[in-house]
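Comments concern the structure below.
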Amino acid sequence: MVLFYSMPYILDIQGYRGARNTYVIKEIGVVSTDGTTIEHYVFKTSVNKRYYTGDNAWIIKNYHQLDWSDGETDLRELEGIMERLLKKEKVIYMKGIHKQRWIRPYIHRNDYSIKNLSETPQLKDLWNYPSAQRCSYEYPHCALENAFKLYNWLMEKK
């Protein structure tokens, strides 16, 4: 059982593998545990497409279907987005150690914590949990839809 003492955020990200084992964040979905904050961003990729690996072609075609050229928000804005969110709440719930590692470079403060939702089923197994909202791209494995599914699973277990 998960107990919330405040209204933390549930956050999911999607992206690509970059050069030298880095990760390029392409999308972020955020839902607060009280349901009052819902945010979604698809980032313009600043990394040159030539750094794209064969794995990314598979990810685009078979997983999130976000093309390298998709996006409205500059990735440089992610630090400001995270700063604004963490001014309001100091706890973020995310599924997966890798995603937690990938978001940390965009957070420049010490008064927060990222909690791993390790007890949740795999996202692919949450297909039957309703998602209140999908992004305008309407592709499978949307970060916003994933955040809502995690939210609904957590609320059921609360």
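Every number here is computed from the coordinates shown, using simple stated rules; none is lab data. This one's a predicted model, so the numbers in the text were calculated from it and none came from an experiment.
Of all lysines in the structure, those lying under 21 Å Cα to Cα from residue 95, and not within fewer than 8 positions of it along the same chain, are 26, 115, 124, 149, 157, 158.
Across segment 9-17, computed HN-Hα scalar couplings (Karplus, 6.51 cos²θ - 1.76 cosθ + 1.60, θ = phi - 60°) run 9, 9, 10, 10, 10, 10, x, 10, 7 Hz from first to last residue, x flagging Gly and Pro.
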